Amino acid sequence: MAEMSSPAHPLSHTRPIPAGHHGRPGTAGVVARWREDLAIATLAARHGGEAALAAAMDAAFGLALPAGPKAAGANGVSALGLAPRRWLVLASQRPALAAELAGLGGGAVTEQSDGYAVLDLAGPEVRAVLAKLVAVDLDPAVFSTGDVVASSLAHIGAVLWQTGEEPTYRLLVGTSFAAAFSHTLLAAAAEYGLDLADAGRGPEAGRGTGRG
Amino acid sequence: MRIPCPFCGSRDAHEFSYLGDATPRRPDPAAPGAEAAFFDYVYLRDNPAGAFEEWWYHAAGCRQWLKVARDTRTHAITGAVLARDVAAPAAPTPAGGETAR
Ligand SMILES: [Zn+2]
């Protein structure tokens, strides 16, 4: 089966699944795409510095830091609430994001662009597939656009963000888990068919090519 | 068992790790009888059947410590608060600076 990753390779499970169509033939139930064009940083307010940081983020990006596990975005910059006074900030077209955030002076910043592997997920069965993987209710009555969950998927720490109503999601896992997670995703999505638009990170993948 | 994290919402207990009794308070090391008080603080624990307050760490979620109220007979959880909201107040902030952590 040319469309499946080869089980014959002794290290096949350590490499991300290849780009292309996987699982059930026909129209894919899940469409996935690695994003390697995003700058990522964690931002934590210092003790007593939350109000100053919120004001600085508003002034710099027009962005209101969310108080709970939500996403807020403005001007191509998004902040996801991961914990009290701690956010994950993502941006496209801003390679110096971490330096920009550090320049605000109101929080502790850690560059994470290479720390996370990012998958954008869509397709008619994407909610059903994610529901297999995460022990959090994704029903639209309780989890909708702009909601964020930090949890574990198949024992892999992950951040899941619903980015659109269709629904669409953005999923982040630690870079070193990206290959393993791609196999988990395939196992969950194979019954519906999975289209992966980009082979993504891995030993053979090009880095810093600005793909996506 | 599900634990109602104040930040993340209701989550499976597998996302958390358990520390134990949330009631012991660190004794004053300068007080008379400090050695005996520290022995109690470090080693001796009650084992109540019924209402209990305990520390849980939300390792797979917000990575915050929680103080959880649980009935040890039924595992019914009646509440959870962030440890940072019930911990002793931080030392005063030096003029013009951040509090040392
Ligand atoms: Zn939590």
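The table that follows gives values for the structure above.
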read-out: Solvent exposure, largest accessible area first (probe 1.4 Å, DNA, RNA and ligands not counted), of B:W55, A:W87; value: B:W55, A:W87
read-out: Helical contribution to [θ] at 222 nm, DSSP H n ≥ 4, -39,500 (n - 2.57), averaged over chain A, rounded to 500; value: -5500 deg cm²/dmol
read-out: FRET efficiency estimate (nearest 0.05) - Cβ-Cβ, A:A197 to B:A83, R0 51 angstrom; value: 0.75
read-out: Size of the B/A contact, given as accessible area buried on both chains, probe 1.4 Å, in Å²; value: 1300
read-out: Label zone at A:A59 (point 7 Å along Cα-to-Cβ), backbone N below 17 Å, segment A:77-108; value: A:100-108
read-out: Per residue, in Å², the accessible surface of chain B once ligands and nucleic acids are set aside, probe 1.4 Å; value: 65
read-out: Chain A - percent relative contact order, Cα under 8 Å, separation 6 or more; value: 33
read-out: In Å², nearest 10: area of A:D137 left accessible to a 1.4 Å probe; value: 90
read-out: Whole-angstrom gap from segment B:1-43 to segment A:22-74, using each part's C-alpha centre; value: 33
read-out: Fraction of beta bridges assigned by DSSP in the protein assembly as shown that are antiparallel (%, nearest 5); value: 95
read-out: Inter-chain Cβ neighbour average for residues B:2-13, partner chain, 10 Å; value: 4
read-out: Dipole axis of chain B (+1 Lys, Arg; -1 Asp, Glu on Cβ), positive-most option in B:Y41, B:A76, B:A30; value: B:A76
read-out: With all protein chains modelled, accessible area of B:H75 [1.4 Å, Å²]; value: 100
read-out: Nearest-10 value in Å² for the accessible area of A:T163, using the 1.4 Å probe; value: 60
read-out: Computed over the protein assembly as shown, the ratio Rg/Rh where both radii use C-alpha atoms and Rh is Kirkwood; value: 1.03
read-out: Cysteines (scope the protein assembly as shown) whose Cβ has no counterpart Cys Cβ under 4.7 Å; value: B:C62
read-out: Between helix A:178-189 and chain A: long-axis angle, C-alpha atoms, 0 to 90°, nearest 10; value: 60
read-out: Cα-projected label distance for A:D114 with B:D12, points at 7 Å along beta-carbon direction, nm; value: 3.3
read-out: Residue-averaged 222 nm ellipticity for chain B, from DSSP H runs of 4+ at -39500 (n - 2.57), nearest 500; value: -3500 deg cm²/dmol
read-out: Check: segment B:2-85 dipole with +1 on Lys, Arg Cβ and -1 on Asp, Glu Cβ, in debye; value: 280
read-out: Crossing angle, helix A:50-61 versus chain A [Cα axis fit, 0-90 degrees, rounded to tens]; value: 70
read-out: Dipole magnitude of the protein assembly as shown, debye to nearest 20 (Cβ charges: Lys/Arg +1, Asp/Glu -1, about Cα centre); value: 220
read-out: Highest-MSF residue in chain B out of B:R84, B:R25, B:R70 [GNM, Cα springs under 10 Å]; value: B:R25
read-out: Ranked order, B:M1, A:M57 - accessible area, probe 1.4 Å, largest first; value: B:M1, A:M57
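The values are calculated or read from the model by the stated rules, or taken from the named source; none is laboratory data. This one's a predicted model, so the numbers in the text were calculated from it and none came from an experiment. Methodologically, a virtual Cβ is constructed for each residue, glycine included, from the backbone with ideal geometry; neighbour enumeration extends over all protein chains shown. Ligands, DNA and RNA are excluded from the accessible area calculation, which covers all protein heavy atoms including side chains. Shrake-Rupley method; radii C 1.70, N 1.55, O 1.52, S 1.80 Å.
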